[in-house]
Structures are given as structure tokens and as C-alpha cells.
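The values are calculated or read from the model by the stated rules, or taken from the named source; none is laboratory data. None of these values were measured; they are calculated from a predicted model. For neighbour counting, all protein chains shown are included, and Cβ atoms are generated from backbone atoms with ideal geometry for every residue, glycine included. Areas reflect the complete protein model, heavy atoms only, side chains present, ligands, DNA and RNA absent. Shrake-Rupley method; radii C 1.70, N 1.55, O 1.52, S 1.80 Å.
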Amino acid sequence: MIDVAERLEELRDRGLHRRLRLVSGPQGPRVLLGGRPVLLLCSNNYLGLADHPRVRGAAAEAAMRWGAGAGASRLVSGTMTVHRRLEEALAAFKGTESSVLFGSGYLANLGVIGALARLAADGGGSGAPPPVVFSDELNHASIIDGCRLARAETFVYDHCDVEHLAWGLRQHRGRSGLIVTDSVFSMDGDIAPLTEIAELARRHGVRTVVDEAHGTGCLGPGGRGAVAEAGLDGEIDVVIGTLGKALGAYGAFAACSAAMRDLLTNTARSLIFSTALPPPAVAAALAALEVLQEHPEMVDRLQANAGAMRDELAREGFEVAGSSTQIIPLVVGDAELAMEVCEKAVEAGVFAQAIRPPTVPAGTSRLRLALMATHTREELRAAARTLGRAALQAGFRPGAGVPVAAAQPAGHPDERLAVAGEDAAAA
């Protein structure tokens, strides 16, 4: 049996030991990190709604009206009026017949992928081969674990490579299954080729699941996400979204047809066996959604800030061409060097967390920048200069990092699932 202390020492030796940093105050554009004021560049509070007065007020009012917790699983005693109100609002926002809430994005992916894989298996009939889940190699850890727990065969296609996906579908012709992908990839900031994926799914008769964790509230008309931006309303079987990023609260949802909602309610184990979301979180998300719909210009401000930051970082010599969203990776490569750049930046007042394996593939450690609509241009301009200086002080020349698209691990795609996604992307 491996000793706990021995395992921790091994992680330290490999430069993979992580610690929890203490942040004081709400997740605004500026926070106190260990008592030190810093500009926050690694929070997923993309629209600044986590500390919006209206959102905070809704959470406080809900706690007084409905209590702090839901009490039980939704199928036991946990469905409350506030849950149903939010589900109806999310369905209208996403342009679907219905939606169903989950306890977190992780639980949503586990539940949805498992339920649809079992549905595909049942549809194959007795003696049919197991269903196949087609998964992008850089999908989030929750998708990867959903594939593992679904007890289906998993085909991992090269990142955003529709030709490889098409080849995999041809190789498994006649097998039931589903394609699952992030819309915005949380560590790279690029967008999946959703139009081509939807077309392949139609052609091969498989279902589609798109995780809009980093797209909802950030992309598309009114912040409705990458699916809406691609004009695919009604063409994706299940669109998963989070309440804990752009909407500033906690929890997740699956937007889908009414029939699919009923299926998930009865077969998604992570919903059936989890306590329902607490009313304050639900009310906060509902208020945040209302604020977003009343002020869609926040989405434009977020993407304008992201574009401005990419320009400023490029002036400092960083390679940022791979990102087209509010997530900007600065790939350093070596894990310890990435941590050194991070610490130098923190000392200078900019908090941009270093991301290391197993969250990202070996050799692609990076600083993952996450922009907010509430950052000012002056803050971002100064932050880019600070990051450039921090990199040089740590011994890393901006622009020397390997571009993300070229830095993926070699080997068979099925092997890459474990390498790239062992615990992929805690963000």
C-alpha cells in the first residue's frame, strides 16, 4: 500500500502538487489573494454576475423564502417551485421544449452520457454490439468520466478533426451511439466544429450532446451559446450548460425535448441519486439569466475584452492565435516553469493560474487566462505587460511555447483519452 505522504512527495517531485489558494471577497475582477490585492484572470465568472447586487439579493431572498437546502433528491422531495421556474426559463433561453437541472456540470455529463448510452444499447436489441460514444480528445474530465462509466465503447477522435470523426463513424457503421463534445474547450479557448458534427450525426444516425459550459452566456445571439451561434437550434439532442460560470451561481442543466427531459429524470443516475440544488443557488441563476437577457451587451463586452487582451498579449510576444473566445492559454510547456511564471505574476499583482498535468497533456503546462466583461481595457493592458515581464523573469521567452494544436500527445487516440484527460480540466 502506497503511503499518503509518499504519494504527495512524488507529486511534488514531478511538479504536479497543487494547493488551494485563499481568496477573500467575492469573485470580482479584483480580489485579495492570501491578503494581497491582485487582478483576477482565472475565474469563470465571465459576466461578473457572481457578485451582481441583483443576483446576490435573489439568493438571499430565496434563502429566507425557501430555506438553505432542498432536502432530498428531486424524485423524493427535492423539486420545488423555484426549480421548475428556472427550468422553464432556461428552456426558453436555449430554444428547447424543456430542460432539467443537475447538481453540477460534472453530474450533468455523467448522467446524460450514461442515460443516452443505455438508451442506445437498448435500441440495439439482444446480441447487438455495445453502443459507441464518439468523444473529442480534449473534452472535459466530466465527459471523459461519463464515457468511462457509460460502459460503452469510446472512440476518441483527434481534437476538432471532423475527418477523423467521420472515419470513426464509418468504422462503426451500423452501431448505435452518440457524439459528445464541448462547444468551447476549457483549456484552449477554441470552438468545436458544431455544424460539421451535427451533419455527421444526421448522416450516421447517432445522437449529439454538446456541453456549453463555457459557451452559455459568452457566445451567440444574446449569449445563447455556440450552438445558437452556429444556427443549430433544435438539431442537438441535448445541450448541457452550467449555472456556475457566466451565470454566476452553481449547478447545471440539460436543455432538450420534453420526452428527453422525462427520460433523463428517470434514468440519469446522477440526478436520481443526488440532492436537488439549494434554492438560493437556483434563484441566483434565475436572476442572473434575467440580467443577461436584459443586458445582452455584456456578451459583446466580454468578447471585446477577449479580443483586446489577445492583441495586448501578442504585442508582448505571446502566441495566442489558437483562442477565439474569452479563454486564452499561454502555453509554457514545463510544469515547474509554468508555476514560476504564475508566481512571478502574482507577486506583481496579476493572478493567472498555472494549469499542469493531468489537467492538460504533459508538455503543455500553461497559464489559463479567463476574461471577464467587468475587466477594464486599462487593467488588461497592464496585465499583459505584467505577464510578459513575469515570463522573462522566470526564464521563459513569450512566444517560445509550443502552439496548443501542435502539442497534443502522440499515440493511439484511445491512449490519449487517459493521458490528456486523466482529470482533464478542473476549470
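Figures for the structure shown
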item: Accessible-area composition of the chain, carbon plus sulfur, in percent [1.4 Å probe]; result: 52
item: Highest to lowest packing among 70-81, 175-186, scored as the average C-beta count within 10 Å; result: 175-186, 70-81
item: Among Asp190, Asp13, Asp161, residue whose mean-square fluctuation peaks in a GNM of the chain (springs only between Cα atoms under 10 Å); result: Asp13
item: Top of Leu101, Leu49, Leu392 by mean-square fluctuation, Gaussian network on the chain, Cα under 10 Å; result: Leu392
item: Helical contribution to [θ] at 222 nm, DSSP H n ≥ 4, -39,500 (n - 2.57), averaged over the chain, rounded to 500; result: -13000 deg cm²/dmol
item: Region 1-129, Rg to Rh (Cα coordinates; Rh as Kirkwood inverse mean 1/r); result: 1.09
item: GluC sites (Glu not before Pro) within region 124-189, DSSP loop, no more than 16 other Cβ atoms inside 10 Å; result: none
item: GNM flexibility winner over the chain from Met260, Met372, Met187 (Cα, springs under 10 Å); result: Met260
item: Average projection area in nm² (convex hull over Cα atoms of the chain, one quarter of hull surface); result: 21.0
item: Whole-number percent relative contact order across region 201-257, with pairs defined as alpha carbons under 8 Å at least 6 apart; result: 30
item: Mean accessible surface per residue for region 75-124, computed with a 1.4 Å probe while every protein chain stays in place, in Å²; result: 38
item: Under Karplus coefficients 6.51, -1.76 and 1.60, residue-wise ³J(HN,Hα) of region 34-41 in Hz, glycine/proline x; result: x, x, 9, x, 9, 7, 8, 10
item: Where region 278-336 is the region considered: accessible area per residue in Å², 1.4 Å probe; result: 36
item: Gyration tensor (alpha-carbon) shape descriptor, region 1-73, a/c threshold 1.5; result: oblate
item: Taking the C-alpha atoms of region 241-311, convex hull volume expressed per residue in Å³; result: 120
